[in-house]
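Here is the structure we will look at.
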Amino acid sequence: MALRTALRSQLARRAPRLDDAAAQAVWRRRNKDRAYDGADPAVAPLVAQLREDGVAITDFDTVFGDRQLFDTAANEARRRYDARPTEPASAEGGSKATFLTKLGDPAYDVGHPFARVALHPRVLAVANGYLGLRSTLRALDVWHTHPTEGPAIQTQLWHRDGDDVMNLKMFVYFTDVRAPAGPLCYARGTHPLGSLRKLPAGDEQARSTDEQMRTVAPESTWVLCEGAPATVVFADTCGYHKQLKPESGERMLMVSHYVSGTPLVPRVVELTGADDALLSDDQFVAVHDRPR
Ligand SMILES: O=C(O)CCC(=O)C(=O)O
């Protein structure tokens with residue numbers, strides 16, 4: 001076992017793409033009861049772009065077909081923003097909580113607007129089409145981020161998530177997110193299906209500066225995910241990304257997280273009130289974390 005682990009870590013260093021292919025083959029076998037062969041033509045270009053780049057920027061109308069659900073979700077996000085603690089709980093210096101406040105709930109009824117967005121058939125078609133399997137909705141939250149003093153810290157530095165072999169997050173913007181408000185920044189091609197899989201130098205938490213990141217992914221691959229309200233960003237956060245440190249603007253967004261049946265982290269959202277007879281097969285897996 002120790003020999004196998006040593007060989008794998010050598011493979012990961014010397015031939016990262018071969019190592020990715022090996023990890024993905026095992027992962028697919030372990031998730032074969034979730035095999036997905038859906039090919040919704042409405043989302044095919046998005047899935048193709050995600051497979052190529054690891055990131056895709058689009059908008060609510062394109063994914064969902066209309067904007068009504070966005071308006072309902074945005075009203076709910078606004079209500080939570082207005083009701084947020086004005087004196088934020090004292091966050092430990094250097095922690096994520098100094099710049100990010102989570103305004104979501106641990107559990108949602110499936111009829112809640114955020115759950116309806118996260119479980120929308122088109123969204124699941126994107127997540128499942130990209131992952132090539134029926135995914136579980138692992139997390140669902142609303143983030144409020146704001147400027148702080150000092151250098152970039154935590155997720156404001158380049159990093160990649162180790163939540164699964166591959167995963168997908170969807171970010172729905174409720175505010176206008178331009179550079180001063182700190183958009184997500186993603187290095188195209190650093191995702192598990194991409195060609196830029198070398199590891200940059202980093203700190204003890206494997207977080208890297210721009211200078212370190214440039215050694216494995218040139219700045220021309222960095223995508224700054226700016227957008228108006230109702231912008232929708234999909235990203236495989238197993239590729240390198242960060243929040244550009246906000247200088248002067250706030251950002252409000254909804255984030256939903258899609259993983260396989262064998263993730264490396266626990267589920268952090270509970271979904272209640274589902275009438276199974278009304279769920280599609282994709283929704284059933286996303287809600288119940290098991291095939292029907
Ligand atoms: O806040 C952001 O834009 C970065 C998000 C991030 O690091 C993550 O979701 O893993």
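In region 153-170, which residues are of a type in the set (A, V, I, L, M), buried (at least 19 other Cβ atoms within 10 Å of the Cβ) and in a loop (DSSP other than H, G, I, E, B)?
Within region 153-170, the subset of a type in the set (A, V, I, L, M) is 153, 157, 165-166, 168, 170.
With the extra rule that they be buried (at least 19 other Cβ atoms within 10 Å of the Cβ), the set shrinks to 157, 165-166, 168, 170.
Within region 153-170, Leu157, Val165, Met166 meet the criteria.
Could we say that Arg122 is more than 12 Å from the ligand (Cβ to nearest atom) and either of a type outside the set (A, V, I, L, M) or modelled with pLDDT of 95 or more (or both) here?
Answer is yes for this residue.
None of Glu211, Glu270 is over 26 Å from Thr175 (Cβ atoms) and free of Cβ contacts under 8 Å to residues at least 24 places away in the same chain except Glu211.
Listed here are the residues, each with its yes/no results for (1) within 12 Å of the ligand (Cβ to nearest atom); (2) open to solvent by 10 Å² or more (accessible area, probe 1.4 Å).
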| residue | (1), (2) |
| --- | --- |
| Val172 | no, no |
| Ala187 | no, no |
| Ser195 | no, yes |
| Ala201 | no, yes |
| Asp210 | no, yes |
| Pro218 | no, yes |
| Ala235 | yes, no |
| Leu244 | yes, yes |
| Leu253 | yes, no |
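Taken over region 85-127, the criterion of being without any contact (Cβ under 8 Å) to a residue 24 or more places away in the chain and touching a helix residue (DSSP H, G or I) at 6+ places or on another chain (Cβ under 6 Å) is satisfied by Ala91 alone.
Using the structure shown, decide if Thr155 is hydroxyl-bearing (Ser, Thr, Tyr), more than 12 Å from the chain's Cα centre (by Cα) and more than 11 Å from the ligand (Cβ to nearest atom). The answer is no for Thr155. Residues that are of a type in the set (Gly, Ala, Ser) and surrounded by fewer than 24 Cβ atoms within 10 Å (Cβ to Cβ) were ranked within region 126-152; the one that is nearest to the ligand (Cβ to nearest atom) is Ala139.
The values are calculated or read from the model by the stated rules, or taken from the named source; none is laboratory data. Being a predicted model, the structure only gives us computed values, none of them experimental. No Cβ is skipped: glycine too gets one built from the backbone with ideal geometry, and neighbour counts run over all protein chains shown. Calculation scope for accessible area: heavy atoms of the full protein, side chains included, ligands and nucleic acids excluded. Shrake-Rupley method; radii C 1.70, N 1.55, O 1.52, S 1.80 Å.
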